[in-house]
Structure formats: structure tokens, C-alpha cells
Amino acid sequence: MRTFHINLKSTPKRSVIVCRRNVLSKQLKEDLPRLKAGGAMIFTDSNVFSLYQRKIKALDLPVFVMPAGEEYKTEQTLLALLKAMAEADLRRCSTLIALGGGVVGDVGGLAASLFMRGISCIQVPTTLLAQVDSSVGGKTAIDFCGVKNLIGAFHQPVYVYADPDFFKTLPPRELRCGLGEIVKHAALNGTLFDKLLANRDKLFDLGFLSEIVPENIAIKAEIVCKDPNETGLRGCLNLGHTTGHAIELTQKELSHGECVLLGLLYENRIARRYLATDEAYLDALESLIRTVLVGDLRFDAEEAARLALHDKKNTAEGTVSLAVPTRRGEFAFLKLEYSNYVKALKEIGKAL
Ligand SMILES: NC(=O)c1ccc[n+]([C@@H]2O[C@H](COP(=O)([O-])OP(=O)(O)OC[C@H]3O[C@@H](n4cnc5c(N)ncnc54)[C@H](O)[C@@H]3O)[C@@H](O)[C@H]2O)c1
Ligand SMILES: [Zn+2]
């Protein structure tokens, strides 16, 4: 078992991240008396519920199940959840337990931040992506008006319980999605980068992945502690995401993690065009991305660039803001004129 603490200036002051097995049958069972005293509810999705319903039901707490999938990360799901929380008589001292992947975590976290102006949330991430990334750091959101994560809030979970046993039921494609964020962390942290390169043949091995989850949480937690509300440094976690989010909106069949990998691949090449970079390092990073990513590497550059213009991170009209890798463990923020960004995406796509 490993435990991390995120100490923040904002409320609640501390988020505790615990990496351990048997979260449903042991950790939450141990927490039950306290949870029941204050009132608690489990929020999950249809896939996770059908896989783990025996253990979920054994906790004997009210449960709200959303349909699985990003297309349900909507205001309708959020409002239905809030209604269920009201009907379950949750109070200010109650806790919402978000048990699922990044979608459940994002919607659940947002509902917890809104209900009675904010109640406690425990994140129990069940995908690799959610364990290494989305459950840590307090960002919550729903997609709105065709824009990803347009409505959201910062709401730190009181606890995150990361249990590698959940990976046993994950389809291999979900492992690739999580690897998208892991490779992103590796682009920010030289030690993790070396470890992934040295273990390229084990990247889909559950034992290896379980071993590197705490390391990934530590990398993200350290950045979040320094900049909880993303006023500067935390922007580095958007590596690959400006282009990745735009691809996600155009290529509905690709998942978030796959789009991040694709975005990282393109932004890696954009970095070489505009900045002084370590070419050998960026070659190695690209080869790592290609080890994980399969399928077509091209997309509609015009459409993606148009969508990237609406990204929340852009600060000036007509420009696209990117966080790009430059050297081992180093990154830079880059602002590009829209026309240069479209041109770069098109040319890189042709050259691939
Ligand atoms: N808040 C943040 O900081 C942050 C960071 C990264 C990503 N995100 C968000 O996270 C979402 C993506 O998360 P995700 O990839 O976990 O997607 P997801 O929540 O849709 O889960 C992927 C699929 O796996 C299923 N699943 C979950 N756990 C399972 C298990 N243990 N066994 C079998 N199937 C399981 C789900 O039902 C779903 O079908 C996106 O909406 C993205 O915007 C948020
Ligand atoms: Zn992401």
C-alpha cells in the first residue's frame, strides 16, 4: 500500500491518495460506519456496475448508475445524479463515491461540488487512465454545447483509492487509453521516460502497469500541489491535449487517451519546427508513442485546427496555445497563429 498527500491552500485542505488492493471489499468496508453516519451514495456506470455489482451491493449504500460512455458526460446525466442525491437525502456532511473511469469521476466530482455548494467526494478510479490521471487533481466537468469539459469546477476529492485489481477486467484498448496519459507523464519526467523505454515490451503487462501507477500519481500530484488551479505550471499536463481534444471531437471512434497520443505525436513534431529541441530525444519519444498507438495517424487537419481555436487554454484571438515536449523531462509553452498551426498539422499528416 502506498499513500500520497496533496496539500492545498484551498478547501478541503488535503486530498489523500491511497494505492491498495481490495478497495471495494476492504477499504470501503472499513470506511462504512463513518460513511453511513454522514450519508453516502455510490455513483457508477452500467459497465462497472454489471462487473462489480456483488461487491457494490454488499456495501448497502444507495447507488446511481449512469449509462457508460463519453456521450453521456452531459448535463442530463449530471442533473439526474443530483436529483438522485437529493432523493437519497444526502446532506452537507455526506459523501459521493465516484466508482468508475474518467467519465464517472468527472461527472461525480462536479455533482459533489454543486450539491449543497459542495460535499465530500471519494474517487475510486477503475480504469488505468482514471488512476494515473483524472481522479487526481480535482478537475471535474461535463461536455456542453459540443465542447469537451466546457462546464466544470475544481473540487478536490477527500480520498482517491487506486486499486490495480480493477485492471483485470479492462479491455486492452482501455489500457492503451491510460498509456496515453502515462506517456504524457513520461514526456514530463525523465526517470519515467527511461523506464518506459527500457520496458517497451511490457507496456500492456498488468504487473508492470500496476507497478508504475503510484509513480504516475506522484508525478501528477507534485504538479497539482504546486499549481492546484492551473494558473501556470499545471498547464504542462495539457501536453498533447490541445490537438488531442480537437481530434477527439472530430474522430468520435477514438478514445481520449488515443487522441492524446496522436496529439502528442503531432505536437512533438510541431515543437521541432519552432523551438530548439533535442532531436534524438524527440525521436525516442515518437517511437514510444508509436509503440502504444495503432491505426491511422491521420485526421481532418482543417476541422481539428478550427476546433483547437476554441480550446479553453487559448488566451489571444486567432492563436492556438500548446504545451510541447522539448528535451528529456522538459517542455515549453508555444503560441501559434491559426494559419501556421493548420499548415503544420497538414504537413505533418502528409509526412507520416
Ligand atoms: N479530470 C481530469 O483531470 C481528467 C483527466 C483526463 C481525462 N479526463 C476525462 O476522463 C474521461 C476518460 O476516462 P476513461 O478513459 O476512464 O473513460 P470512461 O470512464 O468512459 O471508461 C472507459 C470504459 O471503460 C469502462 N470501465 C471502467 N472501469 C472498468 C473496469 N474496471 N473494467 C471494465 N471496464 C471498465 C467504462 O464503463 C467505459 O466503457 C474523459 O471524459 C476525459 O475528458 C479527465
Ligand atoms: Zn487527458
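General remarks:
- Every residue from the range 167-203 that is among the basic types (Lys, Arg) and either crowded, with 19+ Cβ neighbours inside 10 Å or under 16 Å from the mean Cα position of the chain (by Cα) (or both): 173, 176, 184
- Single residue of 152, 178, 138 found to be touching a strand residue (DSSP E or B) at 6+ places or on another chain (Cβ under 7 Å) and in contact (Cβ under 8 Å) with a residue 60 or more places away in the chain: 138
- Scan the range 205-229 for residues that are surrounded by 14 or more Cβ atoms within 10 Å (Cβ to Cβ) and in contact (Cβ under 8 Å) with a residue 12 or more places away in the chain and the total you get is 17.
- Inter-residue pairs, beta-carbon under 7 Å, first in a loop (DSSP other than H, G, I, E, B) and in the range 327-347, second of a type in the set (Ser, Thr, Tyr), 6+ apart: 328/281
- Of all the listed residues (337, 347, 330, 303), the sole one being closer than 20 Å to residue 254 by Cβ, not assigned by TED's automatic domain parsing to the domain that holds residue 148 and not hydrophobic (A, V, I, L, M, F, W, C) is 303.
- If you check 305, 323 for being touching a residue at least 60 places away in the same chain (Cβ under 8 Å), surrounded by 14 or more Cβ atoms within 10 Å (Cβ to Cβ) and either in contact with a Leu (Cβ under 9 Å, 6 or more places away or on another chain) or under 24 Å from residue 192 (Cβ atoms) (or both), only one passes: 323.
- Applying the criterion of being among the β-branched types (Val, Ile, Thr) and away from ligand 2 (no atom under 15 Å from the Cβ) to the residues of the range 230-276, the residue that is surrounded by the fewest Cβ atoms within 10 Å (Cβ to Cβ) is 231.
- Test result for residue 195, in a helix (DSSP H, G or I), more than 16 Å from residue 131 (Cα to Cα), more than 16 Å from ligand 2 (Cβ to nearest atom) and among the charged types (D, E, K, R): yes
- Count of the range 111-150 residues which are near ligand 1 (Cβ under 10 Å from one of its atoms) and closer than 11 Å to residue 74 by Cα: 5
- For the range 21-68, filtered to residues that are of a type in the set (Gly, Ala, Ser) and farther than 23 Å from residue 106 by Cα, the residue that is surrounded by the fewest Cβ atoms within 10 Å (Cβ to Cβ) is 37.
- Residue in the range 153-166 that is within 8 Å of ligand 1 (Cβ to nearest atom), at pLDDT below 95 and either open to solvent by 10 Å² or more (accessible area, probe 1.4 Å) or over 14 Å from residue 108 (Cα atoms) (or both) present: no
For (1) modelled with pLDDT under 85; (2) within 22 Å of the chain's Cα centre (by Cα), each residue gets a yes or a no:
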| site | (1), (2) |
| --- | --- |
| 5 | yes, yes |
| 19 | no, yes |
| 22 | no, no |
| 25 | no, no |
| 28 | no, no |
| 34 | no, no |
| 40 | no, no |
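- Test: residue in the range 139-149 that is touching a Leu at 6+ places or on another chain (Cβ under 6 Å), within 14 Å of ligand 2 (Cβ to nearest atom) and not assigned by TED's automatic domain parsing to the domain that holds residue 52: no
The values are calculated or read from the model by the stated rules, or taken from the named source; none is laboratory data. Predicted model, so just to flag it, every value in this text is computed and none were measured. Neighbour counts are summed over all protein chains in view; Cβ atoms, including those assigned to glycine, are modelled from backbone coordinates with ideal geometry. Side chains are part of the model used for accessible areas, which takes the heavy atoms of the whole protein and leaves out ligands, DNA and RNA. Shrake-Rupley method; radii C 1.70, N 1.55, O 1.52, S 1.80 Å.
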